[in-house]
Amino acid sequence: MPQINENYLKLEKNYLFINIAKKVNAYKEAHPDADIIRMGIGDVTLPICKAAVDAMKKGADEMGVKETFKGYEDSGAGYDFLREAVSGYYKSFGVDVPADDIRINDGAKADCGNIVDIFGDDNTILITDPAYPVYVDSNLMSGRKVIYADSNEENGFAAMPDENVHADIIYLCSPNNPTGSAYTKDQLKTWIDYALKNNAVIIYDAAYEAFITEEDIPRSIYAVEGAKKCAIEMCSLSKTAGFTGMRCGYTVVPEELTAKASDGTEVSLKQLWNRREGSKFNGVSYPVQCAAAAVFTPEGQEQIKVNISYYQQNAKTIASALDELGIKYTGGKNSPYIWLKCPNGLGSWEFFDLLLEKANVVGTPGAGFGKNGEGWFRLTSFGDKDRTVEAMERIKALKF
Ligand code: PLP
C-alpha cells in the first residue's frame, strides 16, 4: 500500500471558490429566476486583443506546414522571441531583466507552487495574511513551517517585516490579491533589506502590475535596489491581457541570486530552477507564445490598455458606491480588486450570504484568504460594465 502525503490532510477541505460555487448553486436551485451578478472569482470577461488573436492564428498555421512546424522546444524555457519581448517590456518601465533570466510558463499559479521544489523542506516560509491561497497550500503540502505577517486595517493591508522574526522564504504579492493594496518603493526596500539581512529569498508575485497607476508603486521588484540578490519574480498575462484561458506567464530568477548549500558552497538558484524545469516541464505551446509576444508589441500594448481601462472604470464605479455608503475599502487604484470592510460588523460569510440573498450579488469572503480577512470582502472589477453598475445600485439600495 502506498503511503499518502499526509500533509494534504492538514489543508482546508475545500478550495475557497468551490465553497462559493456550492452556495451559489444551492441558491440558484431554490431561486431559479434570480438574476445573479458575479463579482467573486477573479476571472476576466473581455476577450484577448486582436494582435494576440492574429499572432496565434499565424502560429497555428505555421504548425500545419512542414517547413515551419515546431515540435518540442529545446529548453522549454520559452522561445527567444518571447523572452526578448518580455525583457523589452521590463525595459519599457526602466527595469533591466535579461532574456536569459526569464522562463516562460503556462501561467503563474503553477510556478508559485513549483518554485518551492528548489528549496529544502526545513525553511521557514513567511506569507502575508490574507494571501492568494496557492502560497500557503503549496508549502503546507510539502510540510513546511509557514508563519504569517499580518496585513490589516492598521497597516493599510500592507504587512511589513518584523525584525525579531526570522524567515527564509517570503511571499509578497503587489498589487495584492485579495486586498488590492500595493507596496511603495520604500516599503519594498524595507522588505529587500530584511531579506538580505536574513539571507532570505522573496518570491514576488507581480501578476497585477499592469493595473498600477501611481508613480511610486514599482511595476517590478527589480525596480528596487538589491532585489536581484534576493528576489524571484513571477508574472502572468492572465489579467494583463485576458490570458486566463490561454495560459501564459513568466518567472524571473536573476543570475545574481545565490543561496548556500549545507557544505557552504554558493549555489545559483537560476541553475536549480532551470534544472527543475528541464526535468518536469516541456514548455508552452508555440501558438500561445506567438500570441503572448504580440501582447508586448506597441499595437498589442495599446489594445490591452483599452481593456485594462475598462476594468479600471469598473473599479471606480465600485469605489464611488462604497464611498457613498461610507464603507471602508482598500484597492481599486492600482488593482482590479476592491477589499471592503463588511458593514455593521458582519463576518465575511455572513456578508456573503446577505449580498447573495438580498442583492443577488456574489463576492468573495475575505476569511477565505486567511485570518486577517475575517470581516472583509473582495469585489472584482473584471465584470461587465453595465452589470457592475447594476450590482452597485443593488448594494446601495441595501442602505447599510
Ligand atoms: N498570482 C495571483 C496573485 C493571482 O491572483 C493569480 C490568479 O488569479 C495568479 C498568480 C495566477 O494566474 P495564472 O496562473 O492564470 O497566470
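Throughout, read-outs are computed from the coordinates displayed, never taken from laboratory work. These numbers were taken from a predicted model, which means no experiment stands behind them. Reconstructed Cβ throughout: ideal geometry from the backbone, glycine too, with neighbour counts over all protein chains shown.
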Exercise. Farthest toward the dipole's positive end in the chain, which of 352, 274, 300, given Cβ charges of +1 (Lys, Arg) and -1 (Asp, Glu) about the Cα centre?
Worked result: 352
Exercise. Counting pairs on different chains as well as pairs 8 or more places apart, how many Lys pairs in region 223-280 have Cα atoms under 21 Å apart?
Worked result: 6
Problem set entry | Principal axis dimensions, region 51-297 - Cα atoms, whole angstrom, descending | 61, 44, 31
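Can you give the extra length, in nm with one decimal, that the chain gains between residue 3 and residue 229 once fully stretched, where that is 0.36 nm per residue apart less the Cα-Cα distance?
Details: separation 226, 0.36 × 226 = 81.36 nm, distance 3.89 nm.
Length gained between residue 3 and residue 229: 77.5 nm.
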Seminar exercise, completed: In this structure, the FRET efficiency calculated for residue 117 and residue 324 from their beta-carbon separation, with R0 = 60 Å, to the nearest 0.05, is 0.80
Seminar exercise, completed: Restricted to the chain, the DSSP antiparallel beta bridge percent, nearest 5, is 50
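Fewest to most neighbouring Cβ within 10 Å: what's the order for 377, 243, 69?
In increasing order of surrounding Cβ atoms, one gets 69, 243, 377.
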Problem set entry | Dipole-positive endmost among 226, 311, 146 within the chain (Cβ charges, Cα centre) | 311
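Using the count of nearby Cβ atoms within 10 Å as a rough guide to exposure, how do 322, 269 rank from fewest to most? Intermediate results must be reported in sequence, preceding the final value.
On the way: 322 22, 269 19.
With the sparsest Cβ surroundings first, the list reads 269, 322.
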For this session: With a 10 Å radius around each residue's Cβ, average the other Cβ atoms per peptide and rank 170-180, 275-285, 200-210, highest first.
Result: 170-180, 200-210, 275-285
For this session: Starting from the Cα-Cα distance between residue 14 and residue 256, subtract it from 0.36 nm times their residue separation and give me the gain in nm to one decimal.
Result: 83.2 nm
For this session: For region 1-53, compute the number of Lys pairs whose alpha carbons are separated by less than 30 Å, excluding pairs fewer than 8 positions apart on the same chain.
Result: 5
Problem set entry | Positive-end residue, the chain charge dipole about Cα centroid, Cβ charges, pick of 243, 20, 398 | 398
Seminar exercise, completed: Residues 339, 349, 273 in order from fewest to most other beta-carbon atoms within 10 Å are 349, 273, 339
Exercise. How far apart, in nm, are two points set 7 Å out from the Cα along the Cα-to-Cβ line at residue 344 and at residue 43?
Worked result: 3.2
Exercise. How much length is gained on full extension from residue 197 to residue 357, taking 0.36 nm per residue of separation minus their Cα-Cα distance?
Worked result: 52.6 nm
Exercise. How far apart, in nm, are the 7 Å Cα→Cβ label points at residue 215 and residue 75?
Worked result: 3.8
Exercise. Taking the Cα centre of the chain as the origin, how large is its charge dipole in debye, to the nearest 20, when only Lys and Arg (+1) and Asp and Glu (-1) carry charge on their Cβ atoms?
Worked result: 740
